[in-house]
Amino acid sequence: MSSTSPNGAQALVATLVDAGVDVCFTNPGTSEMHFVAALDDVPAMRGVLGLFEGVVTGAADGYARMAGRPAGTLLHLGPGLGNGLANLHNARRARTPVVNIVGDHATYHKQYDAPLESDIDAIASAVSGWYRRSTSPADVAADTADAVAAALAPPGQVATLVLPADVCWLPAPGGPATPRAIASTDPVDSDTVAAVAALLRAGEPVTLLVGGRTLTRDGTRVAARIAEHTGARLLCETFPARQARGDGLPDIPRLAYLAEFAQMQLDGTRHLVLVDTVEPVSFFAYPDKASVLRPDDADV
């Protein structure tokens, strides 16, 4: 970075790298050219060009799932964000930490309702657990650090930061921001652990439905040992964000996608124990079919 005061885009990229986000999948337009230029000034950031926004957001989702840390995206205005929405929906459902950087018209240009002007706030709200618009170059670095911390906040989410073009090209006093402390996961309280252990010992039919961070190598082994020792039925969520597989690891059956098959898997369950996942429901409603997949007399 030059010895002169960095502009907003340079402070943004340097803050991302300092916070551990060193890969950004991009489909930029005119409003994001200062971000693209900043990639040359902050070589620790790797920019990967995608020729369609759905590729950009899908790559960011997949990278973050496998790397265990956020990837960035760079998208062009509301239409670009909208083009990437389907895979951002997948990231939201998988609780993937993704940091969206969305360029916007310069602050003084928005009043003219240019052809690509849109309601970015509304588009972003559909998939973002955290959202902010930087309104001053002095705020960009702090807003960026907050965005990364928000994306990493357990259990993980999509964080979207909107940057008007002039906020990126103007000098950013103070330069990059210090990375924020990341919130820790709250442990399951001891009473809940004791209650689940008592259920497993009681001999009634128990189904362990595992997902999320349980599906690591160690997690799958522990879950399989518990099921083997107690006789509990073991299933994993239908579409896990990431699941360790391979030689020596237990093969945990997935809960079926079709509701009637999933109900067959859960038939006879008296207690359904959820581990880093949510209670399963039918993907769609059908006439005269239950939406909730567990048996009516089962406790969760």
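The values are calculated or read from the model by the stated rules, or taken from the named source; none is laboratory data. Everything numeric here is computed off the predicted structure, so don't read it as measured data. Glycine also receives a Cβ, built like all others from the backbone with ideal geometry; neighbour counts cover every protein chain displayed. For the accessible areas, the whole protein counts, side chains as well, though only heavy atoms, and no ligand, DNA or RNA atoms are used. Shrake-Rupley method; radii C 1.70, N 1.55, O 1.52, S 1.80 Å.
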Quick one: if the Förster radius is 25 Å, what FRET efficiency do A285 and A122 give, using the C-beta to C-beta distance and rounding to 0.05? 0.40
Could you look at the stretch 256-300 and say what percent of its accessible area is carbon and sulfur, using a 1.4 Å probe and all protein chains? 57
In sequence order, calculated HN-Hα J values of the stretch 7-19 (Karplus, 6.51, -1.76, 1.60; Hz; x Gly/Pro): 7, x, 5, 5, 5, 4, 5, 4, 5, 4, 5, 4, 8
For the stretch 90-240, build the charge dipole from Cβ charges (+1 Lys, Arg; -1 Asp, Glu) around the Cα centre, then report which of A147, L234, T135 sits farthest towards its positive end. L234
What residues from the stretch 86-123 fall in the zone where the backbone N is under 15 Å from a label point 7 Å along the Cα-to-C-beta line of A37? 106
Please give the calculated 222 nm ellipticity per residue for the chain, where each DSSP H segment of at least 4 residues contributes -39500 (n - 2.57) and the sum is spread over every residue; nearest 500 deg cm²/dmol? -11500 deg cm²/dmol
Spatial separation of Cα centroids for the stretch 260-300 and the stretch 111-141, in angstrom: 39
Peptides 57-66, 229-238, 109-118: what's the order by average Cβ count within 10 Å, highest mean first? 57-66, 229-238, 109-118
Which percent of the accessible heavy-atom area of the stretch 118-252 goes to carbon and sulfur, probe 1.4 angstrom? 55
Charge dipole of the stretch 208-300 built from unit charges on the beta carbon (Lys, Arg +1; Asp, Glu -1), centred at mean Cα; most positive-end Cα among H271, Q243, L208 is Q243
Convex hull of the stretch 216-300 built on C-alpha atoms - directionally averaged projected area, nm²: 6.0
By accessible area of protein heavy atoms, probe 1.4 Å, what ranking do E32, E228 get, highest first? E228, E32
Just to compare against my own numbers: the Cα pair-distance distribution for the chain, 20 Å bins, whole % per bin, please. 31, 46, 22, 1
Quick check for you: with a 1.4 Å probe and neighbouring chains kept, what is the accessible area per residue of the chain, in Å²? 49
Using 7 Å Cα-to-Cβ label points, what is the V292/R46 separation (nm, one decimal)? 4.7
The size of the Cβ-based charge dipole (Lys, Arg +1; Asp, Glu -1) of the stretch 31-121 about the Cα centre, to the nearest 20 debye, is 600
Quick one: how many Å² of D40 are accessible to a 1.4 Å probe, rounded to 10? 130
Could you give the length gained on full extension between R93 and F239, defined as 0.36 nm per residue of separation minus the Cα-Cα distance, in nm? 51.6 nm
What is the magnitude of the charge dipole of the chain about its Cα centre, with +1 placed on the Cβ of each Lys and Arg, -1 on the Cβ of each Asp and Glu, and no other charges, expressed in debye to the nearest 20? 680
Excluding ligands and nucleic acids, what accessible area in Å² is computed for F239 using a 1.4 Å probe, to the nearest 10? 130
Exposure rank, largest accessible area first [M264, M33; 1.4 Å]: M264, M33
Of L200, L274, ordered by accessible area with the largest first and a 1.4 Å probe, the sequence is L274, L200
